[in-house]
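Remarks on the structure that follows.
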Amino acid sequence: MPSNNSAAPFLLTGFLGSEAIHHWIAIVFVVIYFSIIFGNGTLLFLIRNDHRLHEPMYYFLAMLAGTDLGMTLTTMPTVLGVLLLDRREIAHGACFTQSYFIHTLAIVESGILLAMAYDRFVAICTPLRYNTILTNSWVIRLGLGVLARGFVSIVPPILLLYWFPYCRSHVLSHAFCLHQDVMKLACADITFNRVYPVILVALTFFLDALIILFSYILILKTVMGIASGEERAKALNTCVSHVSCVLVFYITVIGLTFIHRFGKYVPHMAHITMSYVYFLFPPSVNPIIYSIKTKQIQRSIIRLFSVHRA
């Protein structure tokens, strides 16, 4: 199939019908954008500089914060370009690259949440073996495996996007490039690009969610066997932050998936809004969840501000 290097660029869209207030909408996005950078950046800074947080649980949290930052830095530049500067054109190469990182980082985040569930399972179900199982080298290997799964699995459909000819409308329905949005503009057989993502979602998001659910069933079984009510509450409290992040992530994933697959008659504005919720809500609330629910993070924040005051 021919390459599309000489094809016209794609055109991004903002909030159709609300172009007159794009600048006002942009203010909200800028506030969210910088809050995500500040929140996740602070977590990364604390984990890097506080030796008390140099444990597997916080290493995974650093991976989660880094992934959330990556997702935000990947999507928001084009969103703000459309809303603030009305820069709607995006070259094919830039569009495919953005699409690749958006979908890759989503799979990586699912894998990190799965790794964090395993961390909680080992900590509660086999606490005496925690330090021997979750060694630094094992955490590094697991992290690299999560990254490799995400970065490799998305390659086939994105490569096909590059080689597809595009002779239809070049207007996309979002202010960023999504695979499912771009492939509809191709003048070629896109059967593989329709089927492959469904299989990939089943083998990543759906399977990860099932394993996380199963791990928490085993955790609950173990916790219910603890005689002391206070110890049971303490054990469960260590899982609250992770469970909250899991629910935030997978509820938005399910919502976006259903609205794209089955929302044929859903207003276009609902599609757009759900997409922004998916990309902005988890990265903005994850640092808040861990700051509120994790005492070690709270203490690290207090120490940080105490040092600066002194």
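Here, each number is a calculation from the coordinates, and none is a lab measurement. No experiment lies behind these values; they were computed from the predicted model shown. Reconstructed Cβ throughout: ideal geometry from the backbone, glycine too, with neighbour counts over all protein chains shown.
Need one number: nm distance between label points at Phe206 and Leu144, each 7 Å from Cα along Cα→Cβ, rounded to one decimal.
Here the answer is 3.2 nm between the modelled labels.
If the rule is a partner Cβ under 4.7 Å, which cysteines in the chain fail it?
Cys125, Cys239, Cys245
Which loop trypsin sites (Lys or Arg not before Pro) in segment 212-294, with loop taken from DSSP, have no more than 15 other Cβ atoms within 10 angstrom of their Cβ?
On the way: sites: Lys221, Arg232, Lys234, Arg261, Lys264, Lys293; in loops: Lys264.
Within segment 212-294, the qualifying trypsin sites (Lys or Arg not before Pro) (loop, at most 15 other Cβ atoms within 10 Å) are Lys264.
Report the label-to-label distance for Leu85 and Ser173 in nanometres (one decimal), using points 7 Å from each Cα along the Cα→Cβ vector.
Roughly 2.7 nm, to one decimal.
Report relative contact order for the chain in percent, whole number only (criteria: Cα-Cα under 8 Å, sequence separation at least 6). Mind dumping the intermediate values first?
Details: 323 pairs, mean separation 81.6, N = 310.
Relative contact order here is 26 percent.
Along the charge dipole of the chain, Cβ charges K/R +1 and D/E -1, which of Tyr100, Ile140, Ala186 sits furthest on the positive end?
Ile140
Assign one of three labels to segment 1-110, namely rounded, prolate or oblate, based on the Cα gyration tensor with a ≥ b ≥ c the square roots of its eigenvalues; rounded applies when a/c is under 1.5, prolate when it is not and a/b is larger than b/c, and oblate otherwise. All intermediate terms of the calculation are to be shown ahead of the outcome.
Values: a/c = 3.63, a/b = 1.59, b/c = 2.29.
Oblate.
With labels modelled as points extended 7 Å from the Cα through the Cβ direction, what inter-label distance (nm, one decimal) is found for Trp24 paired with Phe151?
Simple spin-label model gives 4.4 nm for this pair.
Distance between the C-alpha centers of segment 17-93 and segment 183-215? Whole Å please.
25
Residue farthest toward the positive end of the dipole of the chain, with Cβ of Lys/Arg at +1 and Asp/Glu at -1: which of Val240, Pro9, Thr126?
Thr126
Lysine pairs in segment 10-309 with Cα distance under 19 Å, only those 8 or more apart or on different chains: how many are there?
Working: Lys184/Lys264; Lys221/Lys234; Lys234/Lys293; Lys234/Lys295.
Taking segment 10-309 as the scope, the lysine pair count is 4.
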